[in-house]
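Accompanying notes for the structure given below.
The values are calculated or read from the model by the stated rules, or taken from the named source; none is laboratory data. Computed from a prediction, not measured in an experiment: that's the story for all the values here. Quick reminder, even Gly has a Cβ in these numbers, built from the backbone with ideal geometry, and neighbours come from all protein chains shown. What goes into the accessible areas is simple: the full protein's heavy atoms, side chains included, and nothing from ligands, DNA or RNA. Shrake-Rupley method; radii C 1.70, N 1.55, O 1.52, S 1.80 Å.
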Amino acid sequence: ASTPKIEPERISLTTGLPETWRCVRTLKGHLGAVNAIAISPDNTTLISGSDDRQVNLWNLKTGKWLYTFSGQAEAVLSVAISPDGKQIASGSVDCKISSWQMDTKKFLHTFFYLNSPYSHNGFANSIAYSPDGAILASGAADKTIRIWGRYTGKVKRTLNGHSDAVLSVTISPNGEILASGGADKTIRLWDVKTGQQRYILTEHLGAVNT
């Protein structure tokens, strides 16, 4: 009996490989490290926050600089755009969270905590709008998370639980859960309406940055 001839399978290296990513545009204008970026819901603009204390507005399609929102006394660590695209906010090393009107570029307010001239007692590391845009959440080096009224700039609730700096916050698409990551190596899940801490996730061996 003769053995059948089996052709070895040939696999082309050119097919099946993932798309090669290439840089299509570089946006230049900041004079310091860029710490945070956010894209508008209509996909037309981008904002960036930098160590140069500025928040820059860019045309996402052309890469051109459009405007600079100034006012922070120190490096900008976090930026966010409201879901309706009408408001932007930034958190800074100066412990303040500031907001502007996107279309008019008008300064709106600083989110002051009670009678304090600051938003937090530490760096404002992370901010996030709720999906309905009604509230803004912030996490800071003072180990707290604060929930603010977007339009009033007043604090609604302070969440305590992290044993070290809060480095990141985000709100679930249904607006019910706030998640926070911290330098205490934990992720904590909170009920937005009640402020109750639901779970603590402890698998990380280092700080949770984002």
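From the cross-link list K28/K86; K96/K193; K28/K96; K156/K185; K96/K154; K86/K106, which pairs have alpha carbons spaced over 19 Å apart? Too far apart for the 19 Å limit: K28/K86; K96/K193; K28/K96; K156/K185.
Within the shell defined by Cβ-Cβ distances under 14 Å, the residues around G49 carry a net charge of -2, with Lys and Arg each +1 and Asp and Glu each -1.
Within the full protein context, the accessible area of S48 is estimated at about 0 Å² for a probe radius of 1.4 Å. Model label sites at H204 and E176, defined 7 Å from Cα along the beta-carbon direction, differ in position by 2.5 nm.
Is the shape of region 120-189 rounded, prolate or oblate, going by the alpha carbon gyration tensor and its root eigenvalues a ≥ b ≥ c, with a/c under 1.5 for rounded and a/b larger than b/c for prolate? Because a/c hits 1.5 or more and a/b fails to exceed b/c, region 120-189 counts as oblate.
Can you compute the FRET efficiency between V34 and F107 using 1/(1 + (r/R0)^6), with r the Cβ-Cβ distance and R0 = 25 Å? Round to the nearest 0.05.
Values: r = 22 Å, r/R0 = 0.87.
After rounding, the FRET efficiency stands at 0.70.
For region 19-114, the list of chymotrypsin sites (Phe, Trp or Tyr not before Pro) that fall in a loop by DSSP and count at most 16 other C-beta atoms within 10 angstrom reads W21, F112. The loop-placed trypsin sites (Lys or Arg not before Pro) in region 99-155, going by DSSP, that have at most 13 neighbouring Cβ atoms within 10 Å of their Cβ come out as K105, K106, K154. Under the convention that each Lys and Arg Cβ holds +1 and each Asp and Glu Cβ holds -1, the size of the dipole of region 145-210 around its Cα centre is about 380 debye.
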